[in-house]
Each structure stands twice: as structure tokens, then as C-alpha cells.
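These notes concern the structure reproduced below.
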Amino acid sequence: MNLNEFLNKYKDQYPQPAVEYIVNNFGKVLPLNNPDILNQVYDALGMFKDRNPYLAYLKLLEQHFDISSNILEIGGGFYPAFATHVRDRQLQTRKGTITVYDKMLVTQDLPHMKLVKQDFKIQDSVSPYDLLVGILPCDATTLIIKKANEENKNFFIVLCNCTHFSRQYLMFNRPTLENWRKYIKEVFDSTKKDNEEMLVLDSPTEYTNYKVLIKKQKN
Ligand SMILES: C[S@@+](CC[C@H](N)C(=O)[O-])C[C@H]1O[C@@H](n2cnc3c(N)ncnc32)[C@H](O)[C@@H]1O
């Protein structure tokens, strides 16, 4: 598929400014730290070759978790690039499911995955899933941590470097990256069970500096 074919298929589902952004910026910053909207298109068009951030995250995920499980990705993006790789691995093992929530999804019709064009909400249950995943999930970061802690689930989160504080936190703290990472740790600590811990790993790629957060319960 090339960009024209991709846009012919999906452009009506993107907001118009997003289509203009893709057309105007396509190909210009590859393969560095692109905005996710472009990364998803580059991935769908197979342009990353051996420097694919989604595959790097998947490799790290597989070092910690069984991919053949029921996975919920919250904040999959316009085009759910990461989930397509999870799906492809699950097809190899013939086990596991992948469900994606994002109200910005431009398709709900990709094979072997469930795509839900809605925000995941704090009152929604995560009980059908074994693992919660967020790849740069912005506002959904704290929601993933709280839901996993509330319903005793594991999580794998590639943490955004843009910040998403509660208003209350901002009354007393500056919105720095350092404070954002501290804030996330506080959200985890204040909602976890006594024996639970969160691993904070460095990025698995050399071209991004996102932290990766992992909660893995002992069986
Ligand atoms: C920075 S984008 C990352 C997209 C994708 N994971 C990627 O890396 O290509 C964050 C996404 O999270 C979504 N999001 C934020 N809050 C959400 C929620 N409560 N439920 C589902 N999606 C959410 C946004 O709509 C946006 O598409």
C-alpha cells in the first residue's frame, strides 16, 4: 500500500486537519521521533524497516508477558499500529485476543482484532482481559494504572513525555517531565495493593527516551 491508497481507504474517518497534517509532513522526519499520527501511517505502509518503534515495544512486552493472552490496548490511535503487530504474533501462536479502544479510530474493520471506537472509561470493567497496554496513552495513562490496580491486572505502558496531570496536582507543582514521572509513581503507589510493584524501564529504542512502566503480578 502507498500513501494515496492508505488515504483513499481511511481519509474520510480522519478529522480533515489530520489528513492535511499527514499530507504536508509525510516522509519528512522519518525515522526519528515522529508524532504518533505519522508513525501509524509509516507502520501501516511498512516504512520503518528495521527501526520500527512498535516492534521494539512488542519485543519488550514479550520479554515480560505471554502474548497469547487477552490483551486490552487503551489509546490505540487513529490507525491501531501496535495492535496489528500483537495480532500478527497471536496469529502465529494461534492464541490470544487483542481489543483496542480509542474514539479516534479510523477503522473498526481489521481482521482478528476487536476495535471499539470509544474512550475507555473509569467505570468500564477490565475483567475480560489479562493485560492492559498503553502505547503513549496520554490522558488514559492514569486510568490504565488505576483500573489495573483496582481489578488486579498487569499493565505495560510506554509513558508519554507530554504531561497529563490532575488539576489538583498542578495547583502545587510545575508541569515538568520529572514531575510527570513522579506523579505517575504516586498514582500507582496510592492505588496498588501492598505487595505490588511497578518496574520503570528505559526505552527499548535508541531514538526515543520514553520510560516503560510494567506491573507484573506474581502468580
Ligand atoms: C499519543 S496517542 C498514541 C496513539 C498510539 N498508541 C500510538 O502510539 O501510535 C494517544 C491516544 O490515546 C487516546 N486516548 C486518550 N484517552 C483515552 C481513553 N480514555 N480511552 C481510549 N483512548 C484514549 C487518544 O484518543 C489518542 O489517540
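The values are calculated or read from the model by the stated rules, or taken from the named source; none is laboratory data. Note that the structure is a prediction, hence the values are computed from the model and not measured. Every residue, glycine as well, gets a Cβ built from its backbone with ideal geometry; the counts of neighbours run over all protein chains shown.
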Practice prompt. Among the candidates N4, N25, single out the residue that is over 13 Å from the mean Cα position of the chain (by Cα), of a type in the set (S, T, N, Q) and modelled with pLDDT under 95.
Written response: N25
Discussion item. Checking the condition under 25 Å from N152 (Cβ atoms), in contact with a strand residue (DSSP E or B) (Cβ under 9 Å, 6 or more places away or on another chain) and not polar (S, T, N, Q), which residue from K193, K185 passes?
Written reply: K185
Item to complete: Go over the candidates D109, D88, D50 one by one and state the one that is more than 9 Å from the ligand (Cβ to nearest atom), modelled with pLDDT under 95 and over 23 Å from E151 (Cα atoms).
Response: D50
Discussion item. Considering only residues that are assigned to a loop (DSSP other than H, G, I, E, B) and within 12 Å of the ligand (Cβ to nearest atom), which ones fall in region 53-77?
Written reply: G75, G76, G77
Discussion item. Looking only at residues that are away from the ligand (no atom under 11 Å from the Cβ) and touching a Pro at 6+ places or on another chain (Cβ under 7 Å) in region 144-170, which one is farthest from N209 (Cα to Cα)?
Written reply: F165
Response to the item:
With criteria (1) without any contact (Cβ under 8 Å) to a residue 40 or more places away in the chain; (2) out of contact with any strand residue (DSSP E or B) (no Cβ under 6 Å at 6 or more places or on another chain), R51 comes up short on (1)
Response to the item:
Selection from region 18-36 of residues hydrophobic (A, V, I, L, M, F, W, C) and surrounded by fewer than 18 Cβ atoms within 10 Å (Cβ to Cβ) yields A18, V19, V23, F26, V29, L30, L32
Fill in: Leading residue by the ranking (surrounded by the most Cβ atoms within 10 Å (Cβ to Cβ)) among those in region 67-113 that are among the small types (G, A, S) and out of contact with any helix residue (DSSP H, G or I) (no Cβ under 6 Å at 6 or more places or on another chain)
A83
Response to the item:
If we ask which residues in region 78-107 are polar (S, T, N, Q), outside any strand (DSSP E or B) and under 17 Å from the mean Cα position of the chain (by Cα), their number turns out to be 2
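Any residue at all in region 174-184 that is in the same structural domain as R87 (by TED's automatic domain parsing) and in contact (Cβ under 8 Å) with a residue 40 or more places away in the chain?
Checking region 174-184: at least one residue is in the same structural domain as R87 (by TED's automatic domain parsing) and in contact (Cβ under 8 Å) with a residue 40 or more places away in the chain.
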Worksheet item: Just a yes or no: is a residue in region 142-164 surrounded by 12 or more Cβ atoms within 10 Å (Cβ to Cβ), among the acidic types (D, E) and outside the structural domain of Q40 (by TED's automatic domain parsing)?
Response: yes
Discussion item. T141 - would you say it is within 9 Å of the ligand (Cβ to nearest atom), at negative phi and at pLDDT 95 or above?
Written reply: yes
